[in-house]
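See structure below.
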Amino acid sequence: MKNKFNKFLDFTVPFLIGCGLVLTIISFNSEASVRLDINDIVTDNRTSTQDCLVTTLYFESRSESDLSNIMVLNTIFNRTNSPHYPDTPCGVIKQYKQYSYTHDGLSDRMINLVQVKRLEHIVNKFLLNRELFLSLSEGSDHYHTTDVKPYWIKSDRMKYIGTYDKHLFYRRDWVKEVKIIILNQQTVKKMGSFI
């Protein structure tokens, strides 16, 4: 009898594993069944850049329209093109206190698989058409939600670009900053000649 049972297992278990049925049976019969985490499942086929982008969209703008999410991606990539920020998307995102979810003390676990899949699709479309989307962004490199009024929006160096859903987008005018620095250096030189 034992020999027939072993032959049955030799044929049946590989077949059932191929169908995914054994994993289900084992997990239902096990007292310590393993709970799969969305964060483990969804990252299998993504690069670390895609992970950073999807995670950022999830915590910054997941409930908003595709256009608003694309504008958030634009701010990240416009920063990578600036000498004032890190040159990689993950570097920009992980820069100290630039994206609220990175320092708010809340869990960074993504729990809504539907939104994660939607955001993965947006990120993939963006990466395939990055230059087109960036050309529509008017150089936006800052944003905030309508719920807050950050101190930096009062600066004359910030140019308002537009509002999409609950996010307001801006472009920082680095040229004005350079002019101010040059002006200040010239003023110091002139004042130095008087002293």
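Quick note: the coordinates plus some simple rules give every number you see, no bench work behind them. Remember, it's a predicted structure, so these values are computed and weren't measured experimentally. FYI the Cβ positions are ideal-geometry reconstructions off the backbone, even for glycines, and counts take in every protein chain you see.
Points to keep in mind about this one:
- Backbone N within the range 57-84 under 15 Å of label point (7 Å from W152 Cα along the Cβ vector): 72-84
- Amide proton proximity set for H142, modelled H, under 5 Å, gap of 5+: Y170, R172
- The slack between L136 and Q98, meaning 0.36 nm per residue of separation minus the straight C-alpha distance, is 11.4 nm.
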